[in-house]
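These notes concern the structure reproduced below.
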There are 2 protein chains.
Amino acid sequence: MSRGKARVEAKPEVFYGVVDGLKKLYKSKIMPVEQTYLFHEFHSPLLGDSDFDAKPTVLLLGQYSVGKTTFIQYMLGRDFPGQHIGPEPTTDRFIAVMHGPEDRLIPGNALAVQADKPFRGLQRFGTGFLNKFCGSQLASPLLENITFIDTPGVLSGEKQRIGRTYDFAQITEWFAERADMILLLFDAHKLDISDEFRRAIEALNGHDDKVRVVLNKADMVSSQQLMRVYGALMWALGKVIKTPEVMRVYIGSFWDQPLHSTENQKLFEDEMTDLLTDLHGLPRNNAMRKVNELVKRARLAKVHAFILGHLRAQMPAVFGKEKKQKQLIKHLPDEFNKVRLQYQVPASDFPNIQRFTQQLEVQDFTRFQKLNQKMIDDMDHVLSVDIPNLLKRFPLEPEQVAVAAASAA
Amino acid sequence: MSRGKARVEAKPEVFYGVVDGLKKLYKSKIMPVEQTYLFHEFHSPLLGDSDFDAKPTVLLLGQYSVGKTTFIQYMLGRDFPGQHIGPEPTTDRFIAVMHGPEDRLIPGNALAVQADKPFRGLQRFGTGFLNKFCGSQLASPLLENITFIDTPGVLSGEKQRIGRTYDFAQITEWFAERADMILLLFDAHKLDISDEFRRAIEALNGHDDKVRVVLNKADMVSSQQLMRVYGALMWALGKVIKTPEVMRVYIGSFWDQPLHSTENQKLFEDEMTDLLTDLHGLPRNNAMRKVNELVKRARLAKVHAFILGHLRAQMPAVFGKEKKQKQLIKHLPDEFNKVRLQYQVPASDFPNIQRFTQQLEVQDFTRFQKLNQKMIDDMDHVLSVDIPNLLKRFPLEPEQVAVAAASAA
Ligand SMILES: Nc1ncnc2c1ncn2[C@@H]1O[C@H](COP(=O)(O)OP(=O)(O)OP(=O)(O)O)[C@@H](O)[C@H]1O
Ligand SMILES: Nc1ncnc2c1ncn2[C@@H]1O[C@H](COP(=O)(O)OP(=O)(O)OP(=O)(O)O)[C@@H](O)[C@H]1O
Ligand SMILES: [Mg+2]
Ligand SMILES: [Mg+2]
């Protein structure tokens, strides 16, 4: 028996349209405010194209030999450059499997400096890690919508620490934060929840909503054994993960070989369908998340402009600048209060005051720009008109369609 | 499609032979020591026939309508007196379903005073409970080896407290302590782990080794739904039960109706077989437990005799009895030490010294008997010769047979 290749039937162009719209709004209306008021010196760097264009990312984690690399190969329906599959620990590096016009393997050091790729943040982990990182490019329809991150298997104890030139947990955390979905793979045939893996899972607390579990190789055991293994997995996960919401587990055999036992064929097929639907939803969720983050960022840029404009306005024209600046810093809570009342900004939109105080201490307030109300109004227009308009282009979820149809009738 | 009736193919006579042997040893060699040295005034009442003869007991617990009563009916292959089955809360009392020559319903107040039944301890819960307790007797082969305790479903919050004339948790705890197996039933069709039920499960901590879970009505849902329900159950149980050992769950549909969905027929059949094997093992485990407890009891009776004999020997013949008694109590640790050295008793065999001190305070030491070495020697013979001989009559477990065969070859 041979099984069909997996394919994600997404129509995600519309979401990329939304993201493109966001990018234009940012560059024309938000970035000018950030630049004028030195946003990057206080908060975070200006956004580049890669921050918008980055594909939804799926991070694969699991003990060695659970089938992470095979899973990606199966989803792509073909081999990818740099792929190593085998019964021993094989994948020895983090591989970003992503779209490109032709097959190409890009070394980590090179990949981490490319401005159009979302991996520049990895430079701070140094060559110790970058030597163990690479990009695998290939032309695959699925990769037009999703980037996969293949990872080395979690090893036990000593091996883990001694063999590696970087901090596995830190790197995992970096990718987890940026991922749209985290797939935890387990082998039904050889379930092993070691202390190391438990710690890795615990480190994912806070990203619970992104985590999905794959119970792989489920056709290698009898139905009864599968129940025992699956039960043991849920039992252990329930102890480790603090939320009451049960984590979604996809049960099946994610490779292109015939099923070893066909007892649960129907179940595996249904699970595969659900997993594809889940992947299919990533571009939508990813676009939603980007909208959300940009709105948050614009609100912060606004209050930031108010604060710096206000501080600038307090500065004397000629004498006593230094003294005045010291005073302003000392009474920063009062100044924040004035800004809050003058511009009707919610208190929760203000930055952390301790941190802001420290940041102000190295600044020369005369560099600050006066408030440019036109610029702020333009950015406000983004929040109140442009982004809501953009959101209208989001296709409704099936249940929203049903509700809309019902209320129209 | 109709399914065969369940039957436990145990040959448990041999275990009852062991228990009968135990009873004789107790009466002839251990009870005399207990009687002579007032064991019951310090430790626990003399054992009666019912303490030996009580059948292995299976306690059924679960929310209402999960199918507890139906489960028992299915196992028996017939209705039992006092059985009520229905979609609403139906069973409103605890029912001990046990063997008897003919069908008969015995009211709780009457059942709790019968010397040959193991329910006398329930008298302390008063008529508030005994009115809600009864015995259901019938002639069924399975009941020759096992007694089932059917229970009212666990209700939620208010209903639970208001409707009941007794403390449900206390009663459950009483039966759980004495049970050989505790079956927690869940309905796959309507999984509900309420706070009340969670507390009931938590109260079973300490009896973890006896608990088995039954996921009932598993044919009423699709394979995928079953996986979700089962996963959610294990997730929740893993959080409630502190042990890392995964609790055994039997998945199936435990009644005599055709399966609603036959997708998992093979699994359900395998699970049924395993459950029967598990029940089948009860007479053996029950006999083992009784041996174990009697050995512990005899060791305690022995050290108890040494202590009382020793204290008696310290008492003056004529004058100053009261003063001497007070002194002995005051220096009890020294006296324990003397006994330990003289008779070579392990320190861990001694009773709790605070409690023993309190108990001695209401005694008159002149009532104590001097040590009767012959009596002790007879009891020692039970521990060193008679019980090991009895144990030889235990049939070996399959794996033990394999080992024995291998080492004989
Ligand atoms: N669904 C499956 N059923 C049975 N065997 C599988 C399945 N998927 C992969 N395998 C086999 O398991 C072994 C490990 O696979 P793979 O190399 O993909 O695992 P991995 O998780 O990437 O391991 P590593 O952590 O070492 O990179 C290989 O021999 C592969 O053929
Ligand atoms: N295996 C099964 N599959 C489907 N339905 C079942 C099954 N077992 C029992 N039922 C139905 O479920 C309902 C409740 O059964 P039953 O009275 O045995 O439950 P119970 O746990 O004893 O409830 P209570 O706590 O009220 O005594 C009944 O309608 C019964 O026919
Ligand atoms: Mg790999
Ligand atoms: Mg009932």
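The values are calculated or read from the model by the stated rules, or taken from the named source; none is laboratory data. The structure presented is a predicted model; accordingly, all values stated were derived computationally and were not measured. Every residue, glycine as well, gets a Cβ built from its backbone with ideal geometry; the counts of neighbours run over all protein chains shown.
So if I check each of A:67, A:48, A:86, which one is more than 16 Å from ligand 2 (Cβ to nearest atom) and in contact with a Lys or Arg (Cβ under 8 Å, 6 or more places away or on another chain)? Step through it out loud before you land on a result.
On the way: A:48 fails: in contact with a Lys or Arg (Cβ under 8 Å, 6 or more places away or on another chain); A:86 fails: in contact with a Lys or Arg (Cβ under 8 Å, 6 or more places away or on another chain).
A:67 is the lone residue from the list that is more than 16 Å from ligand 2 (Cβ to nearest atom) and in contact with a Lys or Arg (Cβ under 8 Å, 6 or more places away or on another chain).
Looking at the stretch B:172-181, can you tell me whether even one residue there is among the basic types (Lys, Arg) and more than 16 Å from the chain's Cα centre (by Cα)?
no
Tell me, which residue of the stretch A:65-87 that is within 7 Å of ligand 1 (Cβ to nearest atom) and surrounded by fewer than 20 Cβ atoms within 10 Å (Cβ to Cβ) is farthest from the other protein chains (Cβ to nearest Cβ)?
Out of the qualifying residues, it is A:84.
Within the stretch A:220-230, identify whether any single residue is more than 30 Å from residue B:271 (Cα to Cα) and out of contact with any Asp or Glu (no Cβ under 7 Å at 6 or more places or on another chain), and answer yes or no.
If we filter the stretch A:220-230 for residues that are more than 30 Å from residue B:271 (Cα to Cα), which is where we start, we get none.
No, the stretch A:220-230 has no match at all.
For the stretch A:304-313, indicate whether the set of residues that are away from ligand 1 (no atom under 16 Å from the Cβ), surrounded by fewer than 19 Cβ atoms within 10 Å (Cβ to Cβ) and away from chain B (no Cβ under 14 Å) is non-empty. Write out each step before concluding.
Restricting attention to the stretch A:304-313, the residues satisfying the condition of being away from ligand 1 (no atom under 16 Å from the Cβ) are A:304-313.
Imposing the further condition that a residue be surrounded by fewer than 19 Cβ atoms within 10 Å (Cβ to Cβ) reduces the set to A:312-313.
Next, from what is left, pick out any that are away from chain B (no Cβ under 14 Å): A:312-313.
Within the stretch A:304-313, one or more residues are away from ligand 1 (no atom under 16 Å from the Cβ), surrounded by fewer than 19 Cβ atoms within 10 Å (Cβ to Cβ) and away from chain B (no Cβ under 14 Å).
For the stretch B:37-70, what are the residues that are within 16 Å of ligand 4 (Cβ to nearest atom) and farther than 25 Å from residue B:20 by Cα?
Filtering the stretch B:37-70 down to residues within 16 Å of ligand 4 (Cβ to nearest atom) leaves B:58-70.
If the condition is that a residue be within 16 Å of ligand 4 (Cβ to nearest atom) and farther than 25 Å from residue B:20 by Cα, then B:60, B:61, B:62, B:63, B:64, B:65, B:66, B:67, B:68, B:69, B:70 are the ones that fit.
Condition first: more than 8 Å from every other protein chain (Cβ to nearest Cβ), closer than 30 Å to residue A:78 by Cβ, within 30 Å of the chain's Cα centre (by Cα) and not in a loop (DSSP other than H, G, I, E, B). Now tell me which residues in the stretch A:234-271 satisfy that.
Those that are more than 8 Å from every other protein chain (Cβ to nearest Cβ), closer than 30 Å to residue A:78 by Cβ, within 30 Å of the chain's Cα centre (by Cα) and not in a loop (DSSP other than H, G, I, E, B): A:250, A:268, A:269.
Are any residues in the stretch A:124-152 hydrophobic (A, V, I, L, M, F, W, C) and part of a helix (DSSP H, G or I), and if so, which ones?
Those that are hydrophobic (A, V, I, L, M, F, W, C) and part of a helix (DSSP H, G or I): A:125, A:129, A:130, A:142, A:143.
Within the stretch A:36-46, take every residue that is touching a residue at least 40 places away in the same chain (Cβ under 8 Å) and of a type outside the set (Ser, Thr, Tyr) and give me the one that is farthest from residue A:299 (Cα to Cα).
Residue satisfying both the conditions and the ranking: A:41.
Being more than 10 Å from chain A (Cβ to nearest Cβ) and not in a helix (DSSP H, G or I) is the filter here, so list the residues in the stretch B:212-233 that pass it.
B:212, B:214, B:216, B:217, B:221
Of the conditions (1) over 19 Å from residue A:66 (Cβ atoms); (2) within 14 Å of chain B (Cβ to nearest Cβ), residue A:195 fails just one. Which one is it?
Answer for residue A:195: the failing condition is (1).
In the stretch B:118-129, is there at least one residue being within 26 Å of residue B:211 (Cβ to Cβ), touching a strand residue (DSSP E or B) at 6+ places or on another chain (Cβ under 6 Å) and away from ligand 1 (no atom under 16 Å from the Cβ)?
To start, the set of residues in the stretch B:118-129 that are within 26 Å of residue B:211 (Cβ to Cβ) comprises B:118-122, B:124-125, B:129.
Cutting the leftovers down to touching a strand residue (DSSP E or B) at 6+ places or on another chain (Cβ under 6 Å) gives us none.
The answer is no; no qualifying residue exists.
Away from chain B (no Cβ under 12 Å) and touching a helix residue (DSSP H, G or I) at 6+ places or on another chain (Cβ under 8 Å), is that true of residue A:280?
Numbers: away from chain B (no Cβ under 12 Å): yes; touching a helix residue (DSSP H, G or I) at 6+ places or on another chain (Cβ under 8 Å): no.
Criteria not met by residue A:280.
For every residue, the table says whether it meets (1) farther than 23 Å from residue A:176 by Cβ; (2) not aliphatic (A, V, I, L, M).
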residue	(1), (2)
A:31	yes, no
A:53	no, yes
A:71	no, yes
A:78	yes, yes
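Looking at residue A:126, is it away from ligand 2 (no atom under 16 Å from the Cβ) and at positive phi?
yes
Within the stretch A:334-354, is there a residue that is surrounded by 17 or more Cβ atoms within 10 Å (Cβ to Cβ), touching a Gly at 6+ places or on another chain (Cβ under 7 Å) and within 26 Å of residue A:293 (Cα to Cα)?
No - not one qualifying residue is present in the stretch A:334-354.
Could you give me the residue pairs with C-beta distances under 7 Å whose first residue belongs to the stretch B:56-75 and is more than 17 Å from residue B:280 (Cα to Cα), whose second residue is in a helix (DSSP H, G or I) and within 6 Å of ligand 2 (Cβ to nearest atom) wherever it lies, and which are 6+ apart or on separate chains?
What qualifies is B:62/B:68.
Go through (1) more than 26 Å from residue A:27 (Cα to Cα); (2) at pLDDT below 90 and name the single condition residue A:327 misses.
(2)
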